[in-house]
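To start, the structure itself, in structure tokens.
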Amino acid sequence: HNATHRPKGTVTATGAQVTPTPNIAQSPVVNLGTPTPAVSPSPGSCPVGTLTLNGSPNLAPLLRQVSSDYQGLCPGVKVSVSAGGSRTALTLVQQNQLDIASSDLSALPARGLTDHQVGVLPYVLVVSPDVPVNNLSTAQIQGIYQGQITNWSQVGGPNEAINVFLAPATDPLHAIFRAFVLHGGLEQVQGTLLTPDQAGQAAQIVGQATGAITYVPLTAMQVQGVKAHMLAINGIIPTIQSLQQDSYPFWSVEHLYIQGTGSAQAQSYLLFLRSAQGTGDLLRFGVLPLAMFAPDVLATHLPGPEM
């Protein structure tokens, strides 16, 4: 539905597009720096006990902050946050070995879990500093990831081989990229496979490589010293407005899953997440609260890929 959109900037004879380098500061999604209100509504009456969270590495920094703030209000709850991956965590919740699973993908209905949608997480394609390309069209991205476009000169860049850094096969980001950027197409490119340990450092790795491209959560671009730069997709970078209008396609709805109604601790924690203080934490960590989005926009990405 974006086919009619004329990207800003001039289109060269090769079909590549010259746009001003997107300035990260121009993207309000990155580090909104919303001051956290000092006082928050108390999350019900505070329970006592333990609460375990595990799942998406993309949500772990946010959930650690939320847990710290929550424990400030409810010191009787001992919260632990791990980042063992969404798939593992969903299974642990099913087996009653974990309270809350954080996931970048929707859980398969057959898992029988209760979904608490948290917010929207944007992702970006990023390239090495030596690649003077700021924008790719959907067709160009598909060409690169399906192996037909192998040199940056084919998309208006220098005569240099394209080095694709691929996320590990188990990374939910693959499925999100395929669904919303490749429109269901497969990644069929010979690239450099990142190990699970390297995946969290993908922006840094590409920043030190030449001719390289990969995709990462937008929040990964906030890390000090990242030299990679992000690309616009069809002339559009992720801003609050472009996400709200769904003119920027590369994002997912993030989830917390529990078994049934969950423990008193889980219920209290989820209530806190929706408070003013919890919402402030979301924004600080680059996750946009669902309330900012029209239901029909969220529906374009739900359920999306499932695991």
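The values are calculated or read from the model by the stated rules, or taken from the named source; none is laboratory data. Note that the coordinates shown come from a computational prediction; the quantities given were computed from them, not determined experimentally. Neighbour counts are summed over all protein chains in view; Cβ atoms, including those assigned to glycine, are modelled from backbone coordinates with ideal geometry.
Taking the condition of being surrounded by fewer than 18 Cβ atoms within 10 Å (Cβ to Cβ) and in contact (Cβ under 8 Å) with a residue 12 or more places away in the chain, how many residues in the stretch 93-108 meet it? Before you say what the answer is, go through the steps one by one.
The initial filter retains those residues of the stretch 93-108 that are surrounded by fewer than 18 Cβ atoms within 10 Å (Cβ to Cβ), namely 94-97, 108.
Checking which are in contact (Cβ under 8 Å) with a residue 12 or more places away in the chain leaves us with 94, 96, 108.
The total comes to 3.
For the stretch 29-87: of the residues being among the β-branched types (Val, Ile, Thr) and modelled with pLDDT under 95, which is surrounded by the most Cβ atoms within 10 Å (Cβ to Cβ)?
Across the stretch 29-87, the extreme among qualifying residues is VAL29.
Considering only the stretch 280-307, how many residues are more than 20 Å from PRO109 (Cα to Cα) and either in contact with a strand residue (DSSP E or B) (Cβ under 6 Å, 6 or more places away or on another chain) or surrounded by fewer than 17 Cβ atoms within 10 Å (Cβ to Cβ) (or both)?
11
Among helices (runs of 4 or more DSSP H) lying entirely in the stretch 190-307, which contain 2 or more residues that are under 30 Å from THR91 (Cα atoms)?
196-199, 202-208, 264-273, 276-284, 295-299
What's the total number of residues in the stretch 176-189 that are part of a loop (DSSP other than H, G, I, E, B) and touching a strand residue (DSSP E or B) at 6+ places or on another chain (Cβ under 8 Å)? Break it down into steps so the answer makes sense when it comes.
Narrowing the stretch 176-189 to residues part of a loop (DSSP other than H, G, I, E, B): 181-189.
In the following step, the residues that additionally are touching a strand residue (DSSP E or B) at 6+ places or on another chain (Cβ under 8 Å) were identified as 181, 187, 189.
Matching residues across the stretch 176-189 total 3.
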